[in-house]
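Participant: Supplied in structure tokens, the structure appears directly below.
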Amino acid sequence: MSLAVYPGSFDPLTLGHVDIAARATALFDVVVIGIAHNAAKAGRHLLDVEERLSLARASTSHLPGVEVDLVPGLLADYCRRRGASAVIKGLRNGSDLDAELPMALLNRDLGAPETVFLVASPAHAHISSSLVKDVAGYGRDVSALVPPAVARALETRLATGAPQPVQQGDVPGPVPPGTPPGRFVGADHTREDLP
């Protein structure tokens, strides 16, 4: 059985992310959407890790062979523990390749398997998590860019500042105090917004 890990912050998960995961199942028996948990970035995400896990599970439950899991540390260590044969990354444009290539090389040096790059579908190539949060932060509808559960969670979170209840009784964390709507991600997160 071949297994690939598709890592990222998925803050939030977009239709581009779901498309990459679905297309990766044509190449691998199991594709694990690995939600990155970086304690150093605590409080800098719009959605906390438990909410991102729950929303990703709800948004991919219709895809056979797709799992969702937490990557609590180095990707290379997680891949080794899971027996992964590849890392999946989506590319929307040349800038994504410029950001992803050094990470792929470093991950390989650390013992991770090879990275397989999948080109974004034209219908999703313009979608990034940062842009989704920015548009949603201004109160605009993002339902054409994200799965329905994610759209509901964003609408609730940004309208009230309260987390959206998700399946299985998860209790998401609060929005960082004083954070203006649509300004949850800094430039350093760009690489995590890949499809």
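Participant: Against the definition (hydrophobic (A, V, I, L, M, F, W, C) and closer than 11 Å to Y6 by Cα), how does V49 come out, yes or no? Write out each step before concluding.
Facilitator: Values: hydrophobic (A, V, I, L, M, F, W, C): yes; closer than 11 Å to Y6 by Cα: no.
When the stated conditions are applied, V49 does not pass them.
Participant: Now, a different point. Please list, ordered by first then second residue, the pairs with beta carbon atoms under 6 Å, 6 or more apart or interchain, first in segment 30-47 and under 18 Å from A153 (Cβ atoms), second modelled with pLDDT under 75 and crowded, with 18+ Cβ neighbours inside 10 Å.
Facilitator: Sorted first by the residue in segment 30-47, then by its partner, the pairs are L46/F184.
Participant: Hey, another quick one. Every residue in segment 125-147 that is more than 15 Å from L47 (Cα to Cα), touching a Gly at 6+ places or on another chain (Cβ under 7 Å) and open to solvent by 40 Å² or more (accessible area, probe 1.4 Å), please.
Facilitator: Selection gives Y138 alone.
Participant: Of all residues in segment 115-150, how many are farther than 14 Å from L15 by Cβ and touching a Ser or Thr at 6+ places or on another chain (Cβ under 8 Å)?
Facilitator: Of the residues in that region, 1 qualify.
Participant: Only one of (1) at pLDDT below 95; (2) within 22 Å of S130 (Cβ to Cβ) is not met by M1, so which one is it?
Facilitator: Unmet for M1, out of (1) at pLDDT below 95; (2) within 22 Å of S130 (Cβ to Cβ): (2).
Participant: Residues being touching a residue at least 12 places away in the same chain (Cβ under 8 Å) and either open to solvent by 30 Å² or more (accessible area, probe 1.4 Å) or not in a strand (DSSP E or B) (or both): count how many of those fall in segment 78-90.
Facilitator: Step one: filter segment 78-90 for residues touching a residue at least 12 places away in the same chain (Cβ under 8 Å), giving 78-80, 82-90.
Pick out the ones that are also either open to solvent by 30 Å² or more (accessible area, probe 1.4 Å) or not in a strand (DSSP E or B) (or both) and you get 78-80, 82-85.
Total meeting the criteria: 7.
Participant: Among the residues of segment 43-77, what is the count of those that are assigned to a helix (DSSP H, G or I) and either closer than 11 Å to I33 by Cβ or within 16 Å of the chain's Cα centre (by Cα) (or both)? Write out each step before concluding.
Facilitator: Filtering segment 43-77 for residues assigned to a helix (DSSP H, G or I) gives 49-60, 75-77.
If we keep only those that are either closer than 11 Å to I33 by Cβ or within 16 Å of the chain's Cα centre (by Cα) (or both) too, we end up with 49-60, 75.
Adding up the residues that qualify gives 13.
Participant: Mind listing just one residue for me: the one in segment 4-34 that is crowded, with 24+ Cβ neighbours inside 10 Å, closer than 14 Å to S129 by Cβ and among the aliphatic types (A, V, I, L, M) and, of those, nearest to the chain's Cα centre (by Cα)?
Facilitator: Residue satisfying both the conditions and the ranking: L13.
Participant: Okay, next question. Go through segment 110-132 and give me each residue that's under 16 Å from the mean Cα position of the chain (by Cα) and hydroxyl-bearing (S, T, Y).
Facilitator: S128, S129, S130, listed by residue number.
Residues are listed down the side, and each one gets a yes or a no for (1) among the acidic types (D, E); (2) over 23 Å from L27 (Cα atoms):
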residue	(1), (2)
I88	no, no
D98	yes, yes
A112	no, no
V119	no, no
H126	no, yes
A136	no, yes
G139	no, yes
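Participant: Please specify each residue of segment 44-62 satisfying the condition of being open to solvent by less than 30 Å² (accessible area, probe 1.4 Å) and under 13 Å from P147 (Cα atoms).
Facilitator: Just the residues of segment 44-62 that are open to solvent by less than 30 Å² (accessible area, probe 1.4 Å), to begin with: 45-47, 49, 51-56, 59-60.
If the condition is that a residue be open to solvent by less than 30 Å² (accessible area, probe 1.4 Å) and under 13 Å from P147 (Cα atoms), then R52, S54, L55, A56, S59, T60 are the ones that fit.
Participant: Condition first: in contact with a strand residue (DSSP E or B) (Cβ under 8 Å, 6 or more places away or on another chain) and modelled with pLDDT of 95 or more. Now tell me which residues in segment 45-62 satisfy that. Steps first, answer last, please.
Facilitator: Of all residues in segment 45-62, those in contact with a strand residue (DSSP E or B) (Cβ under 8 Å, 6 or more places away or on another chain) come to 49, 52-53, 56-57, 60.
Listed by number, the residues that qualify are R52, L53, A56, R57, T60.
Participant: Something else now. Can you tell me which residue among D69, D96, D109 is in contact with a helix residue (DSSP H, G or I) (Cβ under 9 Å, 6 or more places away or on another chain) and without any contact (Cβ under 8 Å) to a residue 24 or more places away in the chain?
Facilitator: Numbers: D69 fails: without any contact (Cβ under 8 Å) to a residue 24 or more places away in the chain; D96 fails: without any contact (Cβ under 8 Å) to a residue 24 or more places away in the chain.
Result: D109 is the single residue among D69, D96, D109 that is in contact with a helix residue (DSSP H, G or I) (Cβ under 9 Å, 6 or more places away or on another chain) and without any contact (Cβ under 8 Å) to a residue 24 or more places away in the chain.
Each row is one residue, and each column tells you yes or no for (1) among the aliphatic types (A, V, I, L, M); (2) modelled with pLDDT under 95; (3) farther than 18 Å from A22 by Cβ.
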residue	(1), (2), (3)
G34	no, no, no
G43	no, yes, yes
G65	no, no, no
V68	yes, no, no
A76	yes, no, yes
H124	no, no, no
A136	yes, yes, yes
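The values are calculated or read from the model by the stated rules, or taken from the named source; none is laboratory data. Quick caveat, the model's predicted, so the values are computed rather than measured. Virtual Cβ from ideal backbone geometry, glycine too; neighbours counted across all protein chains shown. Note: accessible area is taken over every heavy atom of the protein model, side chains too, but ligands, DNA and RNA are not part of it. Shrake-Rupley method; radii C 1.70, N 1.55, O 1.52, S 1.80 Å.
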